[in-house]
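Student: First the structure, then my questions, so here it is.
The values are calculated or read from the model by the stated rules, or taken from the named source; none is laboratory data. On a predicted model such as this, the values are computed, not experimentally measured, just so you know. Here the Cβ is made from the backbone with ideal geometry for all residues, glycine too, and neighbour counts use every protein chain on show.
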Amino acid sequence: MKNLLLTTALAFTFAVPAYAGGTHGGHDEVKVEEPKTHGADGHADNHAAMMMIGTPGDVAKVNRTINVTMVETDDGQMLLEGDEMTFEKGETIRFVIENKGEQEHEFVLDTVERNAAHKIEMAKMMMEHDDPNRITLDAGASGEVIWTFANDGTFEAACLIPGHYESGMFRTVAVGDQMVKASMTMAPVDVQVAQADVEYTKGTITKVDAKGGKVTIDHGPLLNLDMPAMKMVFRADEAMISKMSEGQNIEFVAEPVKGKLTVTQLK
């Protein structure tokens, strides 16, 4: 019994320091992690993006105000209209944004590359954000983003809600040595250049309704929309429908535009 008690006491004596050392590791080894911007959704690298586009601005140091209006047109376009987005390096800007459309929109300041990557993520799932470089506005709402542009470069303001960027809701943001006049819109071909590689879907056109602006396509999986293969009706503008005929095998991209699945690219 004495040997058993002695063995137990010795085991306990060695176990306690080992446990304490494993938990604390000494004061010199304490590691403090930065809080992640989006928690568990994989966007902790947002700090790196802010290093590129700039940093949240101080309201007391605002140099000027830029007015931005979100609008939707009768022909299906979605636009960011308003003042020119050309800035000096170091300027702090107050963006006053008003959503005059009938749908929810967002305003995001970022690099073109990160917007492209984030747009793909948004197509997979609708995510809510709470970042200083973006704001989401319901129809009829308004808000502001205050931002300091710390680096020269060509950046982008955009709405990354699925289908909205493809409908024209983006603007060039030019800073410092890269200053150029920011265009109100870009040609459709520029959308493809600015974004990450597009996933085309193969299909066969079974019906064309040129007057109604509709086309029926028997297609494979729509990967960007996470939809299975099926036969369904899509919207298409006049220029797109003019390239289509029944029985034609096509490769196309479809996006939601004003709540309707629309053929936006064709090859």
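Student: Taking the options ILE217, ILE241, name whichever one is surrounded by 15 or more Cβ atoms within 10 Å (Cβ to Cβ) and closer than 25 Å to GLU72 by Cα. Full working, then the answer.
Tutor: Numbers: ILE217 fails: closer than 25 Å to GLU72 by Cα.
Just a single option satisfies the conditions, and that option is ILE241.
Student: Follow-up. Can you name every residue in segment 58-80 that is exposed (fewer than 14 other Cβ atoms within 10 Å of the Cβ), in contact (Cβ under 8 Å) with a residue 60 or more places away in the chain and outside any loop (DSSP other than H, G, I, E, B)?
Tutor: VAL59, LYS61
Student: Return yes when ASN99 is under 18 Å from the mean Cα position of the chain (by Cα), modelled with pLDDT of 95 or more and surrounded by 15 or more Cβ atoms within 10 Å (Cβ to Cβ) and no when it is not. Explain how you work it out, then say what you get.
Tutor: Details: under 18 Å from the mean Cα position of the chain (by Cα): yes; modelled with pLDDT of 95 or more: yes; surrounded by 15 or more Cβ atoms within 10 Å (Cβ to Cβ): yes.
Judged against the criteria, ASN99 is a match.
Student: Are there any pairs, at least 6 apart or on different chains, whose C-beta atoms fall under 6 Å, with the first in segment 210-239 and more than 16 Å from GLU251 (Cα to Cα) and the second assigned to a strand (DSSP E or B), and if so, which?
Tutor: Short answer, once both residue conditions are applied: GLY213/ARG235; LYS214/VAL233.
Student: Is at least one residue of segment 126-134 of a type in the set (A, V, I, L, M, F, W, C), under 25 Å from GLU255 (Cβ atoms) and surrounded by fewer than 15 Cβ atoms within 10 Å (Cβ to Cβ)? Break it down stepwise before answering.
Tutor: Going residue by residue through segment 126-134, those that are of a type in the set (A, V, I, L, M, F, W, C) are 126-127.
Filter once more, keeping what is under 25 Å from GLU255 (Cβ atoms): 126-127.
Applying the additional criterion that residues be surrounded by fewer than 15 Cβ atoms within 10 Å (Cβ to Cβ) yields 126-127.
Scanning segment 126-134 turns up at least one residue that is of a type in the set (A, V, I, L, M, F, W, C), under 25 Å from GLU255 (Cβ atoms) and surrounded by fewer than 15 Cβ atoms within 10 Å (Cβ to Cβ).
Student: Can you tell me which condition THR92 does not meet? The list is (1) out of contact with any helix residue (DSSP H, G or I) (no Cβ under 6 Å at 6 or more places or on another chain); (2) modelled with pLDDT of 95 or more; (3) among the polar types (S, T, N, Q), and all the others hold.
Tutor: Only one criterion is unmet by THR92, namely (1).
Student: Now, a different point. Is it fair to say THR201 is within 26 Å of HIS118 (Cβ to Cβ), under 21 Å from the mean Cα position of the chain (by Cα) and among the polar types (S, T, N, Q)? Give the derivation first.
Tutor: On the way: within 26 Å of HIS118 (Cβ to Cβ): yes; under 21 Å from the mean Cα position of the chain (by Cα): no; among the polar types (S, T, N, Q): yes.
Criteria not met by THR201.
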